[in-house]
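Chemist: Quick one: the structure is below, questions incoming.
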Amino acid sequence: MSDTDSFIDEVNEEVRRDRLFALLKRYGWIGALLVVLIVGGAAWSEFRKASARAEAEALGDGMLAGLAATTPEARVDALTGLATSNPTAQALVAMLTAAEAQRGGDIETAVEELNAVAINPDVDEIYRQIAGFKALTLQADTLDAMTRRQQFEALAVAGSPLRLLALEQLALIDVAEGETEAAIARYQDILQDAAVTSDLQQRALQVIVALGGTPDLENLPVTGN
């Protein structure tokens, strides 16, 4: 390589270096901002995880302490005072509160707690359905049969995880209203359903016989526990 070529290369290198420095001076703040955003985002993510973990631990401790109270009333008071920003955790606390209220004979409070879960759109559907189902069963003596029937029918649709239990409740309403044949037909549907559990199948058999019906025992599904 000649001295001239070497000189030209050095000049080109200097030009490129000057351009690079000029670009860094002009746009270097963008890179710095990106670094800050990345580092800040990671720190915020870790903070949120730590906060959520601390909240969950505090909630768990509070639930255990509340359930350790000596009376249902005291347990309800302790559980009611717990706060959480997580909808699912909030639903679980409400359902525990309802269970303790029911144990203490305060059905009204139990129903209020369960209905609050059932209508909360932020709670997973399965928890909403369980809460709504439980609230209905607690109102057998206070809510008119037509309203309970309509709401149990909504839970008895195909694909609902509580379908068979809702059908059983509808059959009980039929029995209470003297609709014996309708009740037997519902229990027979429960008996033959592939998703029926052994306990529910046994109850269906017993009630069909008690109502004077004859269970259809052909092709009964193999039941689980």
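The values are calculated or read from the model by the stated rules, or taken from the named source; none is laboratory data. These numbers come from a predicted model, not from an experiment. No Cβ is skipped: glycine too gets one built from the backbone with ideal geometry, and neighbour counts run over all protein chains shown. The accessibility values were calculated without ligands, DNA or RNA, using every heavy atom of the protein model including side chains. Shrake-Rupley method; radii C 1.70, N 1.55, O 1.52, S 1.80 Å.
Chemist: For the subset of region 117-133 comprising residues that are open to solvent by 60 Å² or more (accessible area, probe 1.4 Å) and over 23 Å from Leu164 (Cα atoms), which member is farthest from the chain's Cα centre (by Cα)?
Modeler: Here the residue is Pro121.
Chemist: In the set Asp174, Asp199, Asp189, which member is farther than 30 Å from Glu108 by Cα and assigned to a helix (DSSP H, G or I)? Write out each step before concluding.
Modeler: Numbers: Asp174 fails: farther than 30 Å from Glu108 by Cα; Asp199 fails: farther than 30 Å from Glu108 by Cα.
Step by step, each of Asp174, Asp199, Asp189 is checked, and only Asp189 is farther than 30 Å from Glu108 by Cα and assigned to a helix (DSSP H, G or I).
Chemist: Give the residue that is surrounded by the fewest Cβ atoms within 10 Å (Cβ to Cβ), with candidates limited to residues of region 137-160 that are over 30 Å from Thr214 (Cβ atoms) and within 21 Å of the chain's Cα centre (by Cα).
Modeler: Gly159
Chemist: When region 158-191 is examined, which residues are found to be among the hydrophobic types (A, V, I, L, M, F, W, C) and out of contact with any helix residue (DSSP H, G or I) (no Cβ under 6 Å at 6 or more places or on another chain)?
Modeler: Answer for region 158-191, where residues must be among the hydrophobic types (A, V, I, L, M, F, W, C) and out of contact with any helix residue (DSSP H, G or I) (no Cβ under 6 Å at 6 or more places or on another chain): Ala158, Leu165, Leu172, Ala176, Ala185.
Chemist: Still on this structure: One residue is enough: does region 40-47 have a residue meeting the conditions at pLDDT 80 or above, more than 17 Å from Phe133 (Cα to Cα) and either open to solvent by less than 40 Å² (accessible area, probe 1.4 Å) or of a type in the set (Gly, Ala, Ser) (or both)?
Modeler: For region 40-47, residues at pLDDT 80 or above, more than 17 Å from Phe133 (Cα to Cα) and either open to solvent by less than 40 Å² (accessible area, probe 1.4 Å) or of a type in the set (Gly, Ala, Ser) (or both): absent.
Chemist: Right, next: Before we move on, is Asp77 farther than 28 Å from Ile190 by Cα and without any contact (Cβ under 8 Å) to a residue 12 or more places away in the chain?
Modeler: Answer is yes for this residue.
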